[in-house]
Amino acid sequence: MKSIYNEIDQLEKTKVEVSSYKHYAELFFPFAFMAILLLLTEMVLRYTVFKSVT
């Protein structure tokens, strides 16, 4: 059995190197920050400037 495996090892000398890494970056943080900033701006304007307009 060992001799058979040795023969197979001699026949197949293909090296396979797989080293692919993917780096995913979260891109929603700037959009979430802008959304929170706009909501806070809307609340401030609603209770100060636009309260006297309506």
Condition broken by residue 50, with the remaining ones in (1) surrounded by 10 or more Cβ atoms within 10 Å (Cβ to Cβ); (2) within 38 Å of the chain's Cα centre (by Cα) satisfied: (2)
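Please verify whether the stretch 12-31 includes one or more residues that are in a helix (DSSP H, G or I), hydrophobic (A, V, I, L, M, F, W, C), surrounded by 10 or more Cβ atoms within 10 Å (Cβ to Cβ) and modelled with pLDDT of 90 or more. Spell out how you get there, then give the answer.
Start the filter on the stretch 12-31 by keeping residues that are in a helix (DSSP H, G or I), which leaves 29-31.
Okay, now just the ones that are also hydrophobic (A, V, I, L, M, F, W, C), so 29, 31.
With surrounded by 10 or more Cβ atoms within 10 Å (Cβ to Cβ) added as a condition, the list becomes none.
There is no residue in the stretch 12-31 that is in a helix (DSSP H, G or I), hydrophobic (A, V, I, L, M, F, W, C), surrounded by 10 or more Cβ atoms within 10 Å (Cβ to Cβ) and modelled with pLDDT of 90 or more.
The values are calculated or read from the model by the stated rules, or taken from the named source; none is laboratory data. Small disclaimer: the values here were computed from a predicted structure and weren't measured. Please note: Cβ atoms are built from the backbone with ideal geometry, for glycine as well, and neighbour counts cover all protein chains shown.
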